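Only one structure is covered here, and it is reproduced in the block below.
The values are calculated or read from the model by the stated rules, or taken from the named source; none is laboratory data. Here the structure is a predicted model, which means the values were calculated and not measured. Positions of Cβ are generated from backbone atoms using ideal geometry, with glycine treated the same way; all protein chains shown enter the neighbour counts. Accessible surface areas use protein heavy atoms only, side chains included; no ligands, DNA or RNA. Shrake-Rupley method; radii C 1.70, N 1.55, O 1.52, S 1.80 Å.
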Amino acid sequence: MVGRLEGHLLDILQADPRTYASGSVYSMGWSGVTRPDRGLAAQGGWVNIYDGGYEPSGGGHRPAIYLGLRALEYEDTLEAPALAGGLVEFRKLVVPLVIVAQAATELEARAQRDQLCSNVRLVLASHIVESGYWYELRTGLSEATAGETHAWLNRQGAANAVTVTAGILLPCRFLYVWTA
């Protein structure tokens, strides 16, 4: 069930043009969305959505959205069991989306990261309830180990060969029902 929820989440982001839209923070926007783990080529200037965990070495394929971290792919918790014609479990799944952008300056890397994060939250706000998948989706909540939104900045290189990576860990909390 976890894979089904994660896959649907990424499918929503891939299908919605708001994922790569411009905005008040990063006015240029991106050219579109691609899914390298689904056979589409990763491209700079596109939002690359990965079905796997964050890879710090994927610099040429930024901006990107990753599904979790190597150390924390997801957190799935039983909230309450019930018997209703069989076993029913009300569960909470927390998936940390890792949103990463890269640019030559800190200001531009932050702007891209912040715009992409805003775009992702805007898209997902339209999908709070997804019949057959989850009955509630919230982003950026602090109710779990991966429940807080964390942002970071990394500057590498020297002189005119500087690359700045700006990232954010955006937790997505799903409430869903699993039946035996």
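Provide a single number: the residues in the range 128-149 that are open to solvent by 20 Å² or more (accessible area, probe 1.4 Å), at pLDDT 80 or above, touching a strand residue (DSSP E or B) at 6+ places or on another chain (Cβ under 9 Å) and not β-branched (Val, Ile, Thr).
The qualifying residues number 5.
Test residue 63 against the stated conditions and say whether it is open to solvent by 60 Å² or more (accessible area, probe 1.4 Å) and not acidic (Asp, Glu).
For residue 63, the condition - open to solvent by 60 Å² or more (accessible area, probe 1.4 Å) and not acidic (Asp, Glu) - is not met.
Here is a list of conditions, (1) exposed (fewer than 12 other Cβ atoms within 10 Å of the Cβ); (2) at pLDDT below 95, and residue 153 meets all of them except one; can you say which number that is?
(1)
Quick one: how many residues across the range 7-22 are assigned to a loop (DSSP other than H, G, I, E, B) and more than 15 Å from residue 63 (Cα to Cα)?
1
Looking at 89, 130, 136, 75 in this structure, which one is in contact (Cβ under 8 Å) with a residue 24 or more places away in the chain, of a type in the set (D, E, K, R), within 23 Å of residue 2 (Cβ to Cβ) and touching a Pro at 6+ places or on another chain (Cβ under 7 Å)?
Of the residues listed, the single one that is in contact (Cβ under 8 Å) with a residue 24 or more places away in the chain, of a type in the set (D, E, K, R), within 23 Å of residue 2 (Cβ to Cβ) and touching a Pro at 6+ places or on another chain (Cβ under 7 Å) is 89.
Starting from residues that are basic (Lys, Arg) and more than 22 Å from residue 138 (Cβ to Cβ), keep the ones in the range 70-126 and report whichever is least open to solvent (accessible area, probe 1.4 Å). Write out each step before concluding.
First, the residues of the range 70-126 that are basic (Lys, Arg): 70, 91-92, 110, 113, 121.
Adding the requirement that they be more than 22 Å from residue 138 (Cβ to Cβ) leaves 70, 110.
Numbers: 70: 182, 110: 98 Å².
Once the filter is applied, the top-ranked residue is 110.
Inspect all residues belonging to the range 37-48 and state whether any of them is under 20 Å from residue 164 (Cα atoms), among the aliphatic types (A, V, I, L, M), out of contact with any strand residue (DSSP E or B) (no Cβ under 7 Å at 6 or more places or on another chain) and surrounded by 15 or more Cβ atoms within 10 Å (Cβ to Cβ).
Within the range 37-48, the subset under 20 Å from residue 164 (Cα atoms) is 42-48.
Applying the additional criterion that residues be among the aliphatic types (A, V, I, L, M) yields 42, 47.
The next check asks that each one be out of contact with any strand residue (DSSP E or B) (no Cβ under 7 Å at 6 or more places or on another chain); those that pass are none.
Scanning the range 37-48, I find no residue that is under 20 Å from residue 164 (Cα atoms), among the aliphatic types (A, V, I, L, M), out of contact with any strand residue (DSSP E or B) (no Cβ under 7 Å at 6 or more places or on another chain) and surrounded by 15 or more Cβ atoms within 10 Å (Cβ to Cβ), so the answer is no.
Of the conditions (1) of a type in the set (Val, Ile, Thr); (2) under 15 Å from residue 120 (Cβ atoms); (3) modelled with pLDDT under 95, residue 77 fails just one. Which one is it?
So residue 77 meets the others, but not (2).
As an exercise: evaluate residue 116 against (1) over 30 Å from residue 161 (Cα atoms); (2) in contact with a strand residue (DSSP E or B) (Cβ under 8 Å, 6 or more places away or on another chain); (3) at pLDDT 95 or above; (4) of a type in the set (A, V, I, L, M, F, W, C) and give the number of the one condition it does not meet.
Against the list (1) over 30 Å from residue 161 (Cα atoms); (2) in contact with a strand residue (DSSP E or B) (Cβ under 8 Å, 6 or more places away or on another chain); (3) at pLDDT 95 or above; (4) of a type in the set (A, V, I, L, M, F, W, C), residue 116 comes up short only on (1).
Look through 15, 41 and report the one residue that is out of contact with any Pro (no Cβ under 7 Å at 6 or more places or on another chain), over 20 Å from residue 171 (Cα atoms) and modelled with pLDDT under 90.
41
Starting from residues that are within 26 Å of residue 134 (Cα to Cα) and of a type in the set (S, T, N, Q), keep the ones in the range 12-29 and report whichever is most open to solvent (accessible area, probe 1.4 Å).
Looking at the filtered set, the residue picked out is 14.
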